[in-house]
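The structure appears right after this line, and notes come after that.
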Amino acid sequence: MPAEPVPAIEIVRTRAELQPAIARHLAAKRGPGTPALGLVPTMGALHAGHRALAEAAAAENDVVVASVFVNPLQFGDATDLERYPRTLDADAALLAEAGVDLVFAPDVEEMYPGGEPEVRVVAGPLAQKWEGASRPGHFDGVCTVVSKLLHLAMPGGFDGARAAYRAYFGQKDAQQVAVVRRMVRDLDFPVEVVAVPIVRDADGLALSSRNRFLSEEERDAALVLSRALKLLEDRASAHEPLNPDDAEALVRSQPLVELDYLDVVDPNTLEPLAFACRETPFTGEALAIVAAAVGPVRLIDNMPLRAR
Ligand code: AMP
């Protein structure tokens, strides 16, 4: 059978072009009733994890906008920012295939005219722990750019009703999802935040744009992270005590992996659930989280835990 033709995708580079383009796509695509717009914020170097976000957005909305912007505000380390892969042509092709209509790909000067913004979003206590503790200011940078993107892509009104508005984030960055949900609630953004499950390689490694910097040996070593989480997931499903020290010991047994944290937390507050983990059989729901340095990169992963 001949392959389905991939629909053309429109790329806009300026803030001024974005709103007219969104209005045009909504007018062209809308069915009966109030139309819906999905926004998928990314930093590019896209892989199947991002594709899952775009496909979820395409399945649930009339029009999908993806942004591709490497946001300097959320990088603490200048080298990490500099070497972050930039692959816009390949990204646009992947997004077109996934059903995205419009790509917003501004450069830094377009996004932050005249330099970095003076007024920023302070992400608060939820952003101080875990990733925030290792990357000070990271979530302020994330919230500042996400709030700008949410404003810039916000759909207009239709027939007296507000168009539905959804924004898609990967569960891979579980703390980011929690912090963005909190920002949307605290600052009354008229948007629904949708979290999409983690996409993994067949051997369990969570997909990440930074995996390309791992040597073969480092990539093999990194598998210990998802294995440690899986150990906890299996114990949770079996209603057994989790004993996270065993998972931690597993990670520490791998010399190429330098563990930062591994813990079992409440999925919303991200507070540790120590009492539920040792000796007592696991009940309810939790999130196992891990972060580690492997060779040149910092990797994070997580798994929802559920007693069955
Ligand atoms: P990034 O380009 O790394 O900022 O990621 C853009 C979005 O894709 C974020 O919401 C990430 O959480 C999400 N994402 C990245 N990797 C994955 C993955 N393996 N599975 C699901 N979502 C992902």
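The values are calculated or read from the model by the stated rules, or taken from the named source; none is laboratory data. Note that the coordinates shown come from a computational prediction; the quantities given were computed from them, not determined experimentally. Quick reminder, even Gly has a Cβ in these numbers, built from the backbone with ideal geometry, and neighbours come from all protein chains shown. The protein model used for the area step is the full one, side chains on, heavy atoms only, and it has no ligands, DNA or RNA in it. Shrake-Rupley method; radii C 1.70, N 1.55, O 1.52, S 1.80 Å.
Tabulated results
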item: Value of relative contact order over the chain, rounded to a whole percent, pairs C-alpha under 8 Å and six or more apart; result: 17
item: Area of residue 24 that stays accessible when all protein chains are in place (1.4 Å probe, Å², to 10); result: 130
item: Two-decimal Rg/Rh across the range 10-196, once Rg and the Kirkwood Rh are taken from alpha-carbon atoms; result: 0.95
item: Average accessible surface area per residue within the chain, 1.4 Å rolling probe, Å²; result: 47
item: Length-normalised contact order of the range 229-308 in % [C-alpha pairs under 8 Å, at least 6 apart]; result: 38
item: About the Cα centre, charge dipole magnitude for the chain (Lys/Arg +1, Asp/Glu -1 at Cβ), debye; result: 600
item: Candidate residues 168, 261: accessible-area rank, largest first, probe 1.4 Å; result: 261, 168
item: Between the range 70-108 and the range 227-287, the Cα center-to-center distance that results, in Å; result: 33
item: Set of the range 244-287 residues, backbone N closer than 11 Å to the point 7 Å along the Cα-Cβ line of residue 227; result: 250-255
item: Where labels lie 7 Å past Cα in the beta-carbon direction, separation of residue 107 and residue 271 in nm; result: 4.8
item: In Hz, Karplus ³J(HN,Hα) per residue of the range 196-209 (6.51, -1.76, 1.60; θ = phi - 60°; x = Gly, Pro); result: 10, x, 5, 9, 10, 5, 4, 8, x, 5, 5, 5, 8, 4
item: Lys, Arg +1 and Asp, Glu -1 on Cβ, resulting dipole of the range 209-306 about Cα centre, debye, nearest 20; result: 240
item: Proximal lysines relative to residue 172, as straight alpha-carbon distance under 17 Å, when same-chain residues fewer than 8 apart are discounted; result: 129, 230
item: Residue-level accessible surface for residue 230, protein heavy atoms, 1.4 Å, Å²; result: 90
item: Hypothetical label at residue 19: residues of the range 159-195 whose amide nitrogen lies under 15 Å (7 Å Cα-Cβ projection); result: 163
item: Sequence-separation-based contact order of the range 20-62, relative, with Cα cut under 8 Å and 6+ spacing, percent; result: 51
item: Order by protection proxy (mean Cβ within 10 Å, highest first), peptides 178-188, 10-20, 297-307; result: 297-307, 178-188, 10-20
item: Overall Cα dimensions of the range 196-253, principal axis frame, Å, largest first; result: 37, 30, 15
item: Calculated FRET value between residue 90 and residue 159, using beta carbons and R₀ = 45 Å, to 0.05; result: 0.70
